[in-house]
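*Asks:* A single structure is presented below for examination.
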Protein chains: 2
Amino acid sequence: MGSGEDRKLSASLEDYLEAIFNLADASGCARSKDIARTLGVARSSVTGALRLLRERGLAYYEPYGGVTLTQQGRATAREVARKHEILQAFFMNVLGVEKEAAQRAACQAEHALESEIIGKLVSFTDDAMARSAGGRDEKSESTGRRKRSAKE
Amino acid sequence: MGSGEDRKLSASLEDYLEAIFNLADASGCARSKDIARTLGVARSSVTGALRLLRERGLAYYEPYGGVTLTQQGRATAREVARKHEILQAFFMNVLGVEKEAAQRAACQAEHALESEIIGKLVSFTDDAMARSAGGRDEKSESTGRRKRSAKE
DNA sequence: TGACAAAGTTAGGCGTGACTAACTATACTA
DNA sequence: TAGTATAGTTAGTCACGCCTAACTTTGTCA
């Protein structure tokens, strides 16, 4: 049991991972300050979280250096981000929830639901969208899952 | 700000409230031991939670006495239980998730979703059920929301 | 009515996740 | 290059939510 703890991540650490993933995706490198701003926590809380992610083998991180994710960290973050997108798409496109509220709800629910249910939600959302579109345009834009650039 | 704190309840306290509500519903009175068994926690954890619920004006509770909910406690518990039922119905009846998994997922998600989304989920689940039944039998059994005896 | 079992509480501890305050490192600019 | 602003870390604290161990209260029964 040296480096990579593989216990289930807490909701909080999943949030950090997702934030780092999105920031790195947008600007190449995640800064501690930006992570703090994104998640609405103090900078010192970020430092603590980064240490935990490093201990678990999910992030590369040196004090005063930048933060990047390990291969495993990216994989986990991508899974969290995927859940988020699927849930948000369901709330918006199927239930008709307004974007901000859908965003908030997805943030909460992404930690609560297992992959089995997420999988069923994807099929369901895609079907519902296809049904409501009545086949008139190209299919399955529902989950908006084609945008992430596939680095790694 | 004397007795009734009205800050948002933690997921944990919502669970306690729901358990007390269901136990009292089933057997008239919630025992500490049964709450512990229901939630899979130690008896001492229940004692702590009961004190918090009392401080917030949600439960009547005397050491070594029984536990009952206040009017506000019952209202809150009913809302949590309602969310649970709606979510479980959606997972089972719309997504086709197996009962145990739906139960588990509802337990997690009930704390994450606000009333607006739950409301939309009700309409959606009812519609979906009516659609899939093709109007052949009486409508809106989907959410199974007619069983709770309406005391108070 | 005294002994015993079951139920419940108290005390103390641990992990997590946040905070503030104060410090250190880094980067910018005059 | 010295001063200063910004970024990041460390130290200390707090609340929450759980645990175990030991204690107290209550109820039952011979």
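*Asks:* Keeping all protein chains in place and using 1.4 angstrom, which order do A:23, A:87 fall into by accessible surface area, from largest down?
*Replies:* In descending accessible area the options line up as A:23, A:87.
*Asks:* Here's a follow-up. Translational diffusion coefficient of the range A:80-133 at 25 °C, 0.890 mPa s, Stokes-Einstein with Kirkwood Rh over Cα pairs, in µm²/s as a whole number.
*Replies:* So the translational diffusion coefficient is about 224 µm²/s.
*Asks:* Can you pull the three principal axis extents for the Cα set of the range B:26-103, in Å, largest first?
*Replies:* Extents along the principal axes, in whole Å: 44, 26, 21.
*Asks:* Please work out how much accessible surface residue B:35 shows to a 1.4 Å probe, ignoring ligands, DNA and RNA, in Å² rounded to 10.
*Replies:* 0
*Asks:* Further question on the same structure: Find how many whole Å separate the alpha carbon centroid of the range B:38-80 from the alpha carbon centroid of the range A:34-110.
*Replies:* About 34 Å separates the Cα centre of the range A:34-110 from the one of the range B:38-80.
*Asks:* Now for a separate question. Count the net charge of all other residues whose Cβ sits under 13 Å from the Cβ of residue B:96, scoring Lys and Arg as +1 and Asp and Glu as -1.
*Replies:* -1
*Asks:* While we're looking at this one, here's another question. Given the pairs A:8/B:33; B:33/B:120; A:33/B:8; A:99/B:8; A:120/B:8, which are separated by over 25 angstrom at their Cα positions?
*Replies:* Violating the 25 Å Cα-Cα cut-off are A:8/B:33; B:33/B:120; A:33/B:8; A:120/B:8.
*Asks:* When Lys and Arg each count +1 and Asp and Glu each count -1, what net charge do the other residues less than 13 Å away from residue A:43, Cβ to Cβ, add up to?
*Replies:* +2
*Asks:* Report the accessible surface area buried between chains B and A, summing both sides, using a 1.4 Å probe on protein heavy atoms only, in Å² rounded to the nearest 100.
*Replies:* For chain B against chain A, roughly 1600 Å² becomes buried.
*Asks:* Using 7 Å Cα-to-Cβ label points, what is the residue B:55/residue B:27 separation (nm, one decimal)?
*Replies:* For the pair residue B:55/residue B:27, the computed spacing is 2.8 nm.
*Asks:* Does the range B:11-69 classify as rounded, prolate or oblate by the C-alpha gyration tensor (a ≥ b ≥ c root eigenvalues; a/c under 1.5 gives rounded; else a/b over b/c gives prolate, otherwise oblate)?
*Replies:* Because its axes are fairly even, with a/c under 1.5, the range B:11-69 counts as rounded.
*Asks:* With every protein chain left in place, what is the accessible area of residue A:111 in Å² (1.4 Å probe, nearest 10)?
*Replies:* Residue A:111 has an accessible surface of roughly 40 Å² with all protein chains in place.
The values are calculated or read from the model by the stated rules, or taken from the named source; none is laboratory data. These numbers come from a predicted model, not from an experiment. Glycine gets a Cβ as well: all are built from the backbone with ideal geometry, and neighbour counts include every protein chain shown. Protein only, heavy atoms only, side chains kept; ligands, DNA and RNA dropped before computing areas. Shrake-Rupley method; radii C 1.70, N 1.55, O 1.52, S 1.80 Å.
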